[in-house]
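K.L.:
Pasting a structure below so you can have a look.
The values are calculated or read from the model by the stated rules, or taken from the named source; none is laboratory data. Just so it is clear, the structure is predicted and the values come from calculations on it, not from any experiment. Backbone-built Cβ (ideal geometry, glycine too); neighbour counts: all protein chains shown. For the accessible areas, the whole protein counts, side chains as well, though only heavy atoms, and no ligand, DNA or RNA atoms are used. Shrake-Rupley method; radii C 1.70, N 1.55, O 1.52, S 1.80 Å.
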Amino acid sequence: MILPIDHPPVATPKVGVLLVNLGTPDEPTTPAVKRYLKQFLSDRRVVEIPPIIWQPILRAIILNTRPQKSAEAYAKVWTDKGSPLAFFTAGQAEALQERMGHSADVRYAMRYGNPSIADQLAAMKSAGCNRILIAPMYPQYSGATTGTVLDEAYAALTAMRWHPAIRTLPAYHDDAHYIGALKTSLEASIAALDFEPEAVVISFHGMPERTLHLGDPYHCHCQKTARLLSEAMGRPLVVSFQSRFGRAKWLEPATDDTIMRLAREGTKKIAIFAPGFSVDCLETLEELAMQGHEQFEEEGGTHYAYLPCLNDGEVGMDMVEAIMRRELAGWI
């Protein structure tokens, strides 16, 4: 088709894949962490307290006390490549792009921080992506993770006159590719240790218990992942939930309590793994690998190992590619 001379440029139609993760401060400083936490903790999917009550607490207390402590924690895991969550997520997008070739335009975004979901969707649309798979990289669904990613994506789409066709990645907590990748990674990591763990703890991010009673499937998804992985490995796994925040009752048992209880009961050697995180981040590298180690030894444990997430390694990327190609069926 020959377009009129004054017709706006038309990009070649493409299929797009947008991998989305939680987000990270731009740098491990108090001002950067404050900006990040303000956006994160203002999300009504994350904190379900009415804003008229919550915002004064957030602005007057939390944002004046928590950022410095969090910045110190981020500094412990920051590398010359920046935030682990950021460079591992970027690595996943780069690896998937290489595997997909010209069949899809693969990019990544963060729900909080940069690059934003809105900016990436706009860039993909401008590049010709008229069909986009939005892929929240959370195996287990929660309104506070997958739900808010999709809210933000849909809000960005409302600003577009011409919407691309949209698909969204469903929870993959019980997907055979996911369970198989976890099994392979976990067994390889355990085999590389210089000790045999007496217990293997799998730690999921915590959620307020009320979310379960309100119908959020997250707790059930975590338990199913744990059951399927335990069956695949042929060994028991100790399930726990980390990162409690505030005074509300959270899902139990808590990871820190579990680590210390095991040590007090005489368990000397444990390994811990976080299957709900697609990439390593502050919560895995500082909370589990560092704090958890200290807590276990303080209670009498002698051998402790944190086992890494799937990240952008071959095992994890085989899983990501298989799932994405399935969800793109009919488009590529």
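K.L.:
Taking the range 65-86 on its own, how many of its residues are of a type in the set (Lys, Arg), touching a residue at least 12 places away in the same chain (Cβ under 8 Å) and more than 17 Å from Leu288 (Cβ to Cβ)? Full working, then the answer.
P.N.:
Keep residues of the range 65-86 that are of a type in the set (Lys, Arg), which gives 66, 69, 76, 81.
Now narrow it down to the ones that are touching a residue at least 12 places away in the same chain (Cβ under 8 Å): 66, 76.
Filter again for more than 17 Å from Leu288 (Cβ to Cβ), leaving 66.
Of the residues in the range 65-86, 1 are of a type in the set (Lys, Arg), touching a residue at least 12 places away in the same chain (Cβ under 8 Å) and more than 17 Å from Leu288 (Cβ to Cβ).
K.L.:
From the set of residues in the range 247-261 that are loosely packed, with under 15 Cβ neighbours inside 10 Å and of a type in the set (Lys, Arg), which is modelled with the highest pLDDT?
P.N.:
Lys249
K.L.:
Sort out which residues of the range 185-210 are surrounded by 19 or more Cβ atoms within 10 Å (Cβ to Cβ) and assigned to a helix (DSSP H, G or I), and write them in order of number.
P.N.:
Ser185, Leu186
K.L.:
Same structure, new question: Collect the residues in the range 56-81 that are under 18 Å from Glu287 (Cα atoms) and not in a helix (DSSP H, G or I), keeping them in residue-number order.
P.N.:
The first filter runs over the range 56-81 and keeps only residues under 18 Å from Glu287 (Cα atoms), leaving 66-79.
Trp78, Thr79 - these are the residues of the range 56-81 that are under 18 Å from Glu287 (Cα atoms) and not in a helix (DSSP H, G or I).
K.L.:
For the range 128-142, which positions are open to solvent by 10 Å² or more (accessible area, probe 1.4 Å) and within 21 Å of the chain's Cα centre (by Cα)?
P.N.:
Matches in the range 128-142: Tyr138, Tyr141.
K.L.:
I'd like the full set of residues that are polar (S, T, N, Q) and open to solvent by less than 90 Å² (accessible area, probe 1.4 Å), limited to the range 66-94.
P.N.:
The initial filter retains those residues of the range 66-94 that are polar (S, T, N, Q), namely 68, 70, 79, 83, 89, 92.
Residues satisfying the conditions are Ser70, Thr79, Ser83, Thr89, Gln92.
K.L.:
For the range 307-317, check the following and say yes or no: at least one residue is touching a strand residue (DSSP E or B) at 6+ places or on another chain (Cβ under 6 Å), closer than 18 Å to Ser203 by Cα and at pLDDT 95 or above.
P.N.:
The initial filter retains those residues of the range 307-317 that are touching a strand residue (DSSP E or B) at 6+ places or on another chain (Cβ under 6 Å), namely 307.
Narrowing further to those that are closer than 18 Å to Ser203 by Cα: 307.
So of that shortlist, the ones also at pLDDT 95 or above come out as 307.
So far as the range 307-317 goes, yes, one or more of its residues are touching a strand residue (DSSP E or B) at 6+ places or on another chain (Cβ under 6 Å), closer than 18 Å to Ser203 by Cα and at pLDDT 95 or above.
K.L.:
Filter the range 105-127 down to the residues that are in a loop (DSSP other than H, G, I, E, B), in contact (Cβ under 8 Å) with a residue 60 or more places away in the chain and surrounded by fewer than 21 Cβ atoms within 10 Å (Cβ to Cβ) and list them by number.
P.N.:
Initial filter on the range 105-127 (in a loop (DSSP other than H, G, I, E, B)): 113-115, 127.
This time we only want the ones that are in contact (Cβ under 8 Å) with a residue 60 or more places away in the chain, so: 113-114, 127.
Asn114, Ala127 - these are the residues of the range 105-127 that are in a loop (DSSP other than H, G, I, E, B), in contact (Cβ under 8 Å) with a residue 60 or more places away in the chain and surrounded by fewer than 21 Cβ atoms within 10 Å (Cβ to Cβ).
K.L.:
Within the group Ile53, Ile49, which residue is in a helix (DSSP H, G or I) and β-branched (Val, Ile, Thr)?
P.N.:
On the way: Ile49 fails: in a helix (DSSP H, G or I).
Answer to the check: Ile53.
K.L.:
May I pose another question? Considering (1) polar (S, T, N, Q); (2) more than 28 Å from Glu314 (Cβ to Cβ); (3) in a helix (DSSP H, G or I); (4) open to solvent by 30 Å² or more (accessible area, probe 1.4 Å), say which one Gln97 fails and leave the rest.
P.N.:
Answer for Gln97: the failing condition is (2).
K.L.:
Can I ask one more? Looking for something closer than 30 Å to Leu214 by Cα, assigned to a loop (DSSP other than H, G, I, E, B), open to solvent by 60 Å² or more (accessible area, probe 1.4 Å) and without any contact (Cβ under 8 Å) to a residue 12 or more places away in the chain - is there at least one such residue anywhere in the range 262-280? Spell out the reasoning first.
P.N.:
Of the residues in the range 262-280, the ones closer than 30 Å to Leu214 by Cα are 272-280.
With assigned to a loop (DSSP other than H, G, I, E, B) added as a condition, the list becomes 274-280.
Imposing the further condition that a residue be open to solvent by 60 Å² or more (accessible area, probe 1.4 Å) reduces the set to none.
Scanning the range 262-280, I find no residue that is closer than 30 Å to Leu214 by Cα, assigned to a loop (DSSP other than H, G, I, E, B), open to solvent by 60 Å² or more (accessible area, probe 1.4 Å) and without any contact (Cβ under 8 Å) to a residue 12 or more places away in the chain, so the answer is no.
Each row is one residue, and each column tells you yes or no for (1) of a type in the set (D, E, K, R); (2) out of contact with any Asp or Glu (no Cβ under 9 Å at 6 or more places or on another chain).
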site: Glu48; (1), (2): yes, yes
site: Ile57; (1), (2): no, yes
site: Pro67; (1), (2): no, yes
site: Glu72; (1), (2): yes, yes
site: Gly91; (1), (2): no, no
site: Asp105; (1), (2): yes, yes
site: Pro115; (1), (2): no, yes
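K.L.:
Something else now. Can you tell me which of Glu252, Glu283 is touching a residue at least 40 places away in the same chain (Cβ under 8 Å) and assigned to a loop (DSSP other than H, G, I, E, B)?
P.N.:
On the way: Glu283 fails: assigned to a loop (DSSP other than H, G, I, E, B).
Step by step, each of Glu252, Glu283 is checked, and only Glu252 is touching a residue at least 40 places away in the same chain (Cβ under 8 Å) and assigned to a loop (DSSP other than H, G, I, E, B).
K.L.:
Is one or more of the residues making up the range 226-246 open to solvent by 10 Å² or more (accessible area, probe 1.4 Å), at negative phi and at pLDDT below 95? Show your work before the answer.
P.N.:
Quick first cut of the range 226-246, residues open to solvent by 10 Å² or more (accessible area, probe 1.4 Å) only: 227-228, 230-239, 243-246.
So of that shortlist, the ones also at negative phi come out as 227-228, 230-233, 235-239, 244-245.
Of the ones still in play, those that are also at pLDDT below 95 are 244-245.
The answer is yes; a qualifying residue exists.
K.L.:
A further question follows. Is the range 205-216 home to any residue that is touching a helix residue (DSSP H, G or I) at 6+ places or on another chain (Cβ under 6 Å) and among the β-branched types (Val, Ile, Thr)? Full working, then the answer.
P.N.:
Within the range 205-216, the first condition is being touching a helix residue (DSSP H, G or I) at 6+ places or on another chain (Cβ under 6 Å), and the residues that meet it are 207, 212, 216.
Subsequent filtering for residues that are among the β-branched types (Val, Ile, Thr) retains none.
No, the range 205-216 has no match at all.
K.L.:
Restricting attention to the range 199-252, which residues are of a type in the set (S, T, N, Q) and touching a His at 6+ places or on another chain (Cβ under 7 Å)?
P.N.:
Within the range 199-252, the first condition is being of a type in the set (S, T, N, Q), and the residues that meet it are 203, 211, 223, 225, 230, 240, 242-243.
Residues satisfying the conditions are Thr225, Gln242, Ser243.
K.L.:
Quick check on my filter: what residues within the range 92-105 are farther than 27 Å from Cys220 by Cβ and under 18 Å from the mean Cα position of the chain (by Cα)?
P.N.:
Here is the first cut: in the range 92-105, the residues farther than 27 Å from Cys220 by Cβ are 93-105.
Matches in the range 92-105: Ala93, Glu94, Ala95, Leu96.
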